[in-house]
Amino acid sequence: MAARKNGRRTCETGEPMEADSRDAASEGSTQVYLPGRGPPLREGEELVMDEEAYVLYHRAQTGAPCLSFDIVRDHLGDNRTELPLTLYLCAGTQAESAQNNRLMMLRMHNLHGTKHTTPEDSDEEEEEDEEDEEERKPQLELAMVPHYGGINRVRVSWLGEEPVAGVWSEKGQVELFALRRLLQVVDDPQALATFLRDEQARVKPIFAFAGHMGEGFALDWSPRVPGRLLTGDCQKNIHLWTPTDGGSWHVDQRPFAGHTHSVEDLQWSPTEDTVFASCSADASIRIWDIRAAPSKACMLTTTAAHDGDVNVINWSRREPFLLSGGDDGALKVWDLRQFKSGSPVATFKQHVAPVTSVEWHPQDSGVFAASGADNQITQWDLAVERDPEAGDLETDPGLADLPQQLLFVHQGETDLKELHWHPQCPGVLVSTALSGFTVFRTISV
């Protein structure tokens, strides 16, 4: 959340029920700010971050903005909470000219937690802090390979010992890139210099498919069958990729038939090898089974899942729930055991512009995050119920009607596109926007 502070806005981003909502006209006071609720930003006001709401907060830029990225699982261990953190991302740029695009491997490391200073801090402590500051600087290593055309979506899967990126190009083809070499060189400065000088221009896709005959965005690797892939395009077609013995892929030329407009997102079932979900600009969400012929594989359909385009879906790894976000700004939770009913089990309307990304927390079954074109990232917990004895929200009319499951609102980004929870670092979220990458963990999750 954000709070107004005498002409500046603190991007307070704390739990809504603990937000300070005093009169903004008084000296040094703050007032909670949320898009679409209460008075709009006034001229000269800006968002200023409240560091006490964050355990971790870092930003990075890579030149041209990235529409999509994926977190690359690493060998540093699971359930990592000790700081500083190291993480690896694979991302693709959307540069102004086609030839200036890059597929990138990022290594972000030395990511320390936020430092909270108090008025009581002594001069001696401040001097120590300055010396410490240099050691705490976050670091970024970047291995890039040229890519002709903007990259609409990137998804990474480990196939044996090789991480492979599926890349949807605005030029209308889907390419697969082997990432092992890029992952190696971002760990070794000398190898990285050699790679950038001698090797990067020679990196080519290990496989490419141009049969979609147009661009697309939807792409998902199977979490259960290594190498199995789905891709969907803006002309309503979905194709199944099957790995072959020779290290290549067979792409079924027969598209899955059902949607009437652009396929926006695809998600394999985490529990069944042959089942996947899709969403579309035709406002529907569909469940498919690849054991049937592509023309007959659609098993379940909710035709009016949202009021307009359904932009994104995410299938929970822990519960039979599908999460969706649409152009209507709504977030909906679908119980797949009741999907035939056509009604979600929960609907949340906090975003005031199209939802651009949704994802369930990998460890906590009731928690999810969403990003929107309103420059908000929201964190939610289905298990939360408001304490009836807590009267904090009633002090600010703008907060009284907040959904009780809303944990946290993060702001300060420009043109948010995608977010992912880190699967090995609990509570850590990474987002990409026109303003760059943000890595953070809040006090709420």
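Listing for the model above:
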| item | result |
| --- | --- |
| Search result, residues across region 48-93 that are closer than 26 Å to residue 167 by Cβ, assigned to a loop (DSSP other than H, G, I, E, B) and free of Cβ contacts under 8 Å to residues at least 60 places away in the same chain | 63, 64, 75 |
| Lone unmet requirement of (1) in contact with a Leu (Cβ under 9 Å, 6 or more places away or on another chain); (2) open to solvent by 10 Å² or more (accessible area, probe 1.4 Å) for residue 354 | (1) |
| Close pairs from region 203-219: first in contact (Cβ under 8 Å) with a residue 24 or more places away in the chain and over 17 Å from residue 230 (Cβ atoms), partner open to solvent by 20 Å² or more (accessible area, probe 1.4 Å) and of a type in the set (Gly, Ala, Ser), Cβ under 9 Å, at least 6 apart | 203/178; 205/178; 206/178; 206/247; 206/248 |
| Pairs with Cβ under 6 Å, 6+ apart, first in region 221-235 and within 16 Å of residue 168 (Cα to Cα), second of a type in the set (D, E, K, R) and part of a strand (DSSP E or B) | 221/155; 230/220 |
| Qualifying positions in region 238-275 - open to solvent by 50 Å² or more (accessible area, probe 1.4 Å) and either out of contact with any strand residue (DSSP E or B) (no Cβ under 6 Å at 6 or more places or on another chain) or outside any strand (DSSP E or B) (or both) | 244, 245, 246, 247, 253, 254, 257, 260, 261, 271, 272, 273 |
| Of residues in region 43-70 being touching a Lys or Arg at 6+ places or on another chain (Cβ under 9 Å) and among the acidic types (Asp, Glu), the one surrounded by the fewest Cβ atoms within 10 Å (Cβ to Cβ) | 46 |
| Residues (out of contact with any Pro (no Cβ under 6 Å at 6 or more places or on another chain) and either within 13 Å of residue 157 (Cα to Cα) or assigned to a strand (DSSP E or B) (or both)) located in region 222-237 | 222, 224, 225, 226, 228, 229, 230, 231, 232, 233 |
| Filter pass, residue 291 being at pLDDT 95 or above and in a strand (DSSP E or B) | no |
| Pairs where the first residue, in region 409-420, is on the phi > 0 side of the Ramachandran plot and the second is open to solvent by 10 Å² or more (accessible area, probe 1.4 Å) and in a loop (DSSP other than H, G, I, E, B), C-beta under 7 Å, 6+ apart | 415/434 |
| Positions within region 204-221 being touching a Leu at 6+ places or on another chain (Cβ under 8 Å) and either more than 21 Å from residue 264 (Cα to Cα) or not in a strand (DSSP E or B) (or both), in sequence order | 205, 206, 207 |
| Residues located in region 156-200, provided they are within 23 Å of residue 245 (Cβ to Cβ) and crowded, with 20+ Cβ neighbours inside 10 Å | 156, 157, 163, 164, 165, 166, 174, 175, 176, 177, 179 |
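The values are calculated or read from the model by the stated rules, or taken from the named source; none is laboratory data. Since the model is a prediction, treat every value here as computed from it, not as a measurement. So basically every Cβ, Gly included, is an ideal-geometry build from the backbone, and we count neighbours across all protein chains shown. SASA here: full protein model, heavy atoms, side chains in, ligands and nucleic acids out. Shrake-Rupley method; radii C 1.70, N 1.55, O 1.52, S 1.80 Å.
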